[in-house]
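Below is one structure, written out as structure tokens, with a few remarks after it.
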Amino acid sequence: MIGPKTVPSRDGGIEVVVGELSTRLAALGNDVTIFNRKRKHKKGEQILTEYHGCHLKEIFTINKKGLDAIVYSFFATIKAKKMARKGEIDVIHYHAEGPCFFLWMFGKKHKGYKLVVTIHGLDWQRSKWGGFGSKMILQGEKRAVKYADQIIVLSKNNQKYFSDKYTRKTVFIPNGISPVCFHEPELIKKQWGLEKGSYVLFLGRIVPEKGCHYLIKAWKQLKQEFNTDKKLVIAGKSSHSDEYFDSICNMVKGDSSIIMTGFVEGQALQELYSNAYLFVLPSDIEGMPMSLLEAMAYGNVCLVSDIPENKDLIDGRSYVFKTGDWEQLSAKLFYIIEHEKVLVHQPYIKFPWNDVVFSTLQIYREKI
């Protein structure tokens, strides 16, 4: 597996997916190796070499924005190619478009092994990368089309994109979701004073395409027109987008109705999902949003932007607003809160992981 920053972690959707997929493949008796990016370890920190039956190998990189992913991908590709030539691996599975930049090093014919790519989203469209970064990632997309034996996509919209632009056939295999663990508000009550049903939740990376700025504008307008004691909770951290993160911090400064928790995981994360009044995802761009899948698994009612990747998941179970229209978002928030339109939903797992793993194994075993 090539592409994640590090497994195990919840740094992003790719890390979650690679961890879940890999450990389940290993549990079925497959020999799985995950290439993590080499990072500085704290003094005395144990360096993991195995995780739930998977081998973990650290690949050299330079931990600086703009260099981290490309340097890691180069050395990961060299390592994987050597292992493939020695007959040590049967499948090399790349995750995301950026790492695919170096697929040309394998050539078009792959004797004794298969190249599989999962497109987690059209990453070159994400504004956090800037002009040069976007061009590099777009080149990775084109090389995936040219050199991969099979391409997996996470949405029907991306499947149509690859068909229309490249006449390239792809396989739709969505992200899976696991049964969830419900918690009463304990940690979140102690740390942020949050009670069950007392807050609206956004959870994800604080990057431009996730649309936090729309949500904050909408919330501020709501508070001007409607007196509610509910809080807006923004949970997440920056990801190669420090300037944007700082701008979000400035937007919420001095507003006691907005709580920024930073990165959360474990029980605190489970509590946030378990006790939210409403989950909001105002994204401009998504691949397949893990946070939305998780929110639905917790039975949360959701309010999402109307991009195809969101609408394909919600199955009419949630509220929708026009992407980028923060005034309409504010109006929907007002409607839901004022009229108490949140309905109690049963936890909903759209794609069980066992189905995802079985479909992926089929791709691995198909003859080229």
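Please go through region 304-338 and give me each residue that is aliphatic (A, V, I, L, M), surrounded by 17 or more Cβ atoms within 10 Å (Cβ to Cβ) and more than 20 Å from Phe351 (Cα to Cα), ordered by number. It would help to see each step written out before you state the result.
Of all residues in region 304-338, those aliphatic (A, V, I, L, M) come to 304, 307, 313-314, 320, 329, 331, 333, 336-337.
Next, only the ones that are surrounded by 17 or more Cβ atoms within 10 Å (Cβ to Cβ) stay: 304, 307, 313-314, 320, 329, 333, 336-337.
Residues satisfying the conditions are Val320, Leu329, Leu333, Ile336, Ile337.
Among the residues in region 108-131, are any at pLDDT below 90 and out of contact with any helix residue (DSSP H, G or I) (no Cβ under 8 Å at 6 or more places or on another chain)?
In the first step, residues of region 108-131 are kept if they are at pLDDT below 90; the result is 121-131.
Filter once more, so that each one left must be out of contact with any helix residue (DSSP H, G or I) (no Cβ under 8 Å at 6 or more places or on another chain): 130-131.
Within region 108-131 (the criterion being at pLDDT below 90 and out of contact with any helix residue (DSSP H, G or I) (no Cβ under 8 Å at 6 or more places or on another chain)), the answer is yes, since at least one residue qualifies.
Filtering region 1-33 to residues that are β-branched (Val, Ile, Thr) and within 24 Å of Leu293 (Cα to Cα) leaves Ile2, Thr6, Val7, Ile14, Val16, Val17, Val18, Thr23. All of (1) at pLDDT 95 or above; (2) under 25 Å from Lys81 (Cα atoms) hold for Tyr166 with one exception: (2). The set of residues in region 10-59 that are surrounded by fewer than 19 Cβ atoms within 10 Å (Cβ to Cβ), part of a loop (DSSP other than H, G, I, E, B), at pLDDT 95 or above and not polar (S, T, N, Q) comprises Leu28, Gly29, Asp31, His52, Gly53.
Among the candidates Val252, Val200, the residue that is of a type in the set (Val, Ile, Thr), in contact with a strand residue (DSSP E or B) (Cβ under 7 Å, 6 or more places away or on another chain), touching a residue at least 24 places away in the same chain (Cβ under 8 Å) and surrounded by fewer than 22 Cβ atoms within 10 Å (Cβ to Cβ) is uniquely Val252.
Looking only at region 280-301, how many residues end up being more than 16 Å from the chain's Cα centre (by Cα) and buried (at least 23 other Cβ atoms within 10 Å of the Cβ)?
We begin by selecting, within region 280-301, every residue more than 16 Å from the chain's Cα centre (by Cα); these are 298-301.
Imposing the further condition that a residue be buried (at least 23 other Cβ atoms within 10 Å of the Cβ) reduces the set to 300.
Final tally of qualifying residues: 1.
Filtered by the rule that a residue be without any contact (Cβ under 8 Å) to a residue 40 or more places away in the chain and touching a helix residue (DSSP H, G or I) at 6+ places or on another chain (Cβ under 8 Å), region 53-83 gives Gly53, Lys57, Ile59, Phe60, Thr61, Ile62, Ala69, Tyr72, Phe74, Ile78, Lys81. Scanning region 54-99 for residues that are farther than 30 Å from Asn158 by Cα, in contact with an Asp or Glu (Cβ under 9 Å, 6 or more places away or on another chain) and of a type in the set (Lys, Arg) yields one hit, Lys82. Which residue is farthest from Val280 (Cα to Cα), if the candidates are limited to region 191-224 and must be charged (D, E, K, R), assigned to a helix (DSSP H, G or I) and out of contact with any Phe, Trp or Tyr (no Cβ under 7 Å at 6 or more places or on another chain)? Checked region 191-224; the qualifying residue farthest from Val280 (Cα to Cα) is Lys223. Beta carbons closer than 6 Å, at least 6 apart along the sequence or on distinct chains, pair a first residue in region 273-292 that is in the same structural domain as Val200 (by TED's automatic domain parsing) and under 15 Å from Leu303 (Cβ atoms) with a second that is of a type in the set (D, E, K, R) and surrounded by 24 or more Cβ atoms within 10 Å (Cβ to Cβ) for Ser283/Lys210. For Ile307, the conditions (1) touching a Ser or Thr at 6+ places or on another chain (Cβ under 8 Å); (2) not assigned by TED's automatic domain parsing to the domain that holds Pro208 are fulfilled apart from (2). Is at least one residue of region 287-300 touching a Pro at 6+ places or on another chain (Cβ under 6 Å) and under 27 Å from Phe226 (Cα atoms)? Yes, region 287-300 has at least one match. The set of residues in region 247-263 being over 17 Å from Lys210 (Cβ atoms) and of a type in the set (Gly, Ala, Ser) consists of Gly254, Ser256, Ser257. Of all positions in region 20-39, none carries a residue that is in contact with a strand residue (DSSP E or B) (Cβ under 7 Å, 6 or more places away or on another chain), closer than 24 Å to Gly121 by Cα, among the acidic types (Asp, Glu) and assigned by TED's automatic domain parsing to the domain that holds Asn158. Can you tell me how many residues within region 146-173 are surrounded by 18 or more Cβ atoms within 10 Å (Cβ to Cβ) and either hydrophobic (A, V, I, L, M, F, W, C) or assigned by TED's automatic domain parsing to the domain that holds Asp306 (or both)? Count: 7.
The residue that is farthest from His240 (Cα to Cα), among those in region 82-133 that are among the aromatic types (Phe, Trp, Tyr) and surrounded by fewer than 19 Cβ atoms within 10 Å (Cβ to Cβ), is Trp104.
The values are calculated or read from the model by the stated rules, or taken from the named source; none is laboratory data. In this text the structure is predicted, and so the values were computed from the model without any measurement. FYI the Cβ positions are ideal-geometry reconstructions off the backbone, even for glycines, and counts take in every protein chain you see.
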